[in-house]
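Chemist: I am attaching a structure below and will ask some questions about it afterwards.
The values are calculated or read from the model by the stated rules, or taken from the named source; none is laboratory data. No experiment lies behind these values; they were computed from the predicted model shown. Counting neighbours? That spans all protein chains shown, and the Cβs are built from the backbone with ideal geometry, glycine included. Please note that ligands, DNA and RNA were not included when accessible areas were found on the heavy atoms of the full protein model with its side chains. Shrake-Rupley method; radii C 1.70, N 1.55, O 1.52, S 1.80 Å.
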Amino acid sequence: MIKSLGNSVYQLTYNVPEMKAVPPVNGFLILADMPILIDGGTSDDRTFQALKDDLTTLKLKPSDIGQVLLTHNHADHIGMPSRLASENKKLKVFVHEEEWVQVTASDRERERLRDVLCEIIVSWGVDPEIVAMMREKIIQALRFGGGIGRDQILPYPKKDLLKVGGLDFQAIHCPGHTEGLVCLWWPAAQSLFSNDHVLETISPNPTLYLNGRNGKICGLGDYLNSLSNVEKLPAKLVMPGHGAPFTNLTGSIEKIRTNAKDRQKAILQNLTATDGEPLSIIELTQKIWGEMDPLHIFLGAREVHGFLEMLEEDGLVKYETVGHTKKYSRLKKAENLDIQFEQFQS
Ligand SMILES: [Zn+2]
């Protein structure tokens with residue numbers, strides 16, 4: 001589906017087949033000196049046909065796209081850019097340097113990342129035999145883009161403005177949802193392409209850093225800190241990766257922070273209620289959300305892992321390793337649940 005947003009910007013919205021939990025994804029097309037595509041859906045034939053049909057309404061075809069700006073490496077964002085890049089070897093794709101490993105991952109590299117991920121899931125308290133059975137599914141989930149050659153990737157400028165198609169953008173690195181996620185600020189239009197960093201009604205799930213990042217496994221702490229990187233922008237319009245464009249950037253960020261505070265409190269309360277009995281990440285996840293399907297347990301556990309890493313850093317919880325499982329308990333310092341949340345502030 002294509003929708004004009006003014007300023008020569010078109011929102012392209014497509015369903016995300018095979019990823020049941022993911023709402024339709026937005027790409028954005030800007031008709032500048034050359035057509036610029038920001039993200040753009042998965043790589044399957046149906047989505048590609050939908051993109052072709054939408055471009056036809058503007059008298060364009062896929063090979064007319066002159067530049068792709070990729071915000072992060074998730075399959076619902078990178079799929080279409082990968083397909084366009086594999087069909088047009090001259091097409092270059094801007095990608096943050098911290099995403100290059102995933103974007104260009106060989107099958108062997110994906111297997112290595114899959115093994116790291118399996119180890120993390122086992123540490124949450126999932127039976128290693130069940131994890132072994134999930135190995136094939138997990139490698140499917142680590143498909144990333146594929147199809148973008150190393151020589152087709154361009155790094156986003158670190159400080160300078162990105163000049164493309166006669167327009168200026170600022171690529172703002174906001175790690176957390178993925179390690180190299182970039183929000184694109186377009187000063188002339190006072191518009192922010194926020195992809196999955198700031199969504200209006202959803203708190204996005206933090207990534208697991210399969211290659212590690214500053215000693216952390218989960219991106220949640222970075223994610224909450226990165227909200228400040230875009231908070232002060234005088235944005236009149238926010239164009240997110242999922243859902244309709246919106247105007248209240250600071251209000252949406254506040255909501256995400258409030259949800260995070262509530263969640264962190266719930267984790268501490270659940271650890272308090274056990275009377276010193278340590279809990280695994282899966283046990284904590286089920287206490288917070290109750291029974292869920294495996295995908296939602298996975299997503300919930302990822303978030304719980306992130307909160308526990310932050311609480312551990314603040315000296316409020318500790319873990320011991322029992323067999324393969326990390327078991328968390330509260331430290332005395334966490335008695336007062338009105339803990340500080342400086343890390344959420346700008
Ligand atoms: Zn994403």
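Chemist: Show me 9-15, 315-321, 156-162 ranked by packing, highest mean number of other Cβ atoms within 10 Å first. Before the final figure, lay out the partial values.
Modeler: Values: 9-15: 20.4, 315-321: 15.1, 156-162: 13.0.
Packing order, densest peptide first, comes out as 9-15, 315-321, 156-162.
Chemist: Additional query: Quote the FRET efficiency, to the nearest 0.05, computed for MET19 versus LEU154 with a Förster distance R0 of 41 Å and r equal to the Cβ-Cβ distance. Before the final figure, lay out each step's value.
Modeler: Values: r = 27 Å, r/R0 = 0.67.
About 0.90, to the nearest 0.05.
Chemist: Heavy atoms only, probe 1.4 Å: what % of the accessible area of the chain goes to carbon and sulfur, would you let me know?
Modeler: Values: 8010 of 15880 Å².
That share works out to 50 percent.
Chemist: Apply 1/(1 + (r/R0)^6) to the Cβ-Cβ distance of MET34 and ASN211, taking R0 = 30 Å, and write down the FRET efficiency to the nearest 0.05. List each step's numbers first, then the result.
Modeler: Working: r = 34 Å, r/R0 = 1.14.
Efficiency at R0 = 30 Å is approximately 0.30.
Chemist: Find how many whole Å separate the alpha carbon centroid of the range 73-125 from the alpha carbon centroid of the range 266-287.
Modeler: The range 266-287 and the range 73-125 have Cα centres spaced 33 Å from each other.
Chemist: Using a 1.4 Å probe, what is the accessible area per residue for the chain, in Å²? List each step's numbers first, then the result.
Modeler: On the way: 15880 Å² over 346 residues.
Value returned for the chain: 46 Å² of accessible area per residue.
Chemist: I would also like to ask the following. Relative to the present Cα-Cα distance, how much length would full extension add between LYS52 and ILE130 at 0.36 nm per residue of separation? Walk me through the numbers before you get to the answer.
Modeler: Working: separation 78, 0.36 × 78 = 28.08 nm, distance 4.15 nm.
Gain in length upon complete extension: 23.9 nm.
Chemist: Once you have the Cα-Cα distance between THR201 and ASP45, take 0.36 nm times their residue separation minus that, and quote the gain in nm to one decimal.
Modeler: 53.2 nm
Chemist: Next question. Percent of alpha carbon pairs in the chain separated by more than 37 Å? Don't skip to the end; give the middle numbers.
Modeler: On the way: 11835 of 59685 pairs.
Counting every Cα pair in the chain, those more than 37 Å apart make up 20 percent.
Chemist: What full-extension length gain, to one decimal in nm, is calculated for ALA141 and ASP168 as 0.36 nm per residue of separation minus the Cα-Cα distance?
Modeler: Gain on extension, ALA141 to ASP168, equals 6.3 nm.
Chemist: Among the aspartates and glutamates, which fall within straight-line cross-link reach of LYS59, defined as a Cα-Cα distance under 17 Å, with same-chain neighbours fewer than 8 residues apart omitted?
Modeler: Partners found: ASP33.
Chemist: Taking only Cα atoms of the range 263-333, what ratio of Rg to Rh do you get with Rh as the Kirkwood inverse-distance radius?
Modeler: Value, to two decimals: 0.94.
Chemist: Can you tell me the mean projection area, over all orientations, of the convex hull of the range 91-250's alpha carbons? Units nm², please. Working shown, then result.
Modeler: Details: hull surface 43.3 nm².
For the Cα atoms of the range 91-250, the hull's average projected area reads 10.8 nm².
Chemist: I'd like the distance between the alpha-carbon centres of the range 190-245 and the range 1-42, rounded to an integer number of Å.
Modeler: So the two Cα centres are separated by 18 Å.
Chemist: Over the chain, what relative contact order in percent results from Cα pairs under 8 Å that are six or more residues apart?
Modeler: Details: 625 pairs, mean separation 46.0, N = 346.
It comes to 13 percent, rounded to a whole number.
Chemist: Relative to the longest principal Cα axis of the chain, at what angle does helix 45-56 sit, 0 to 90 degrees, rounded to 10?
Modeler: Relative to the chain, helix 45-56 is tipped by roughly 40 degrees.
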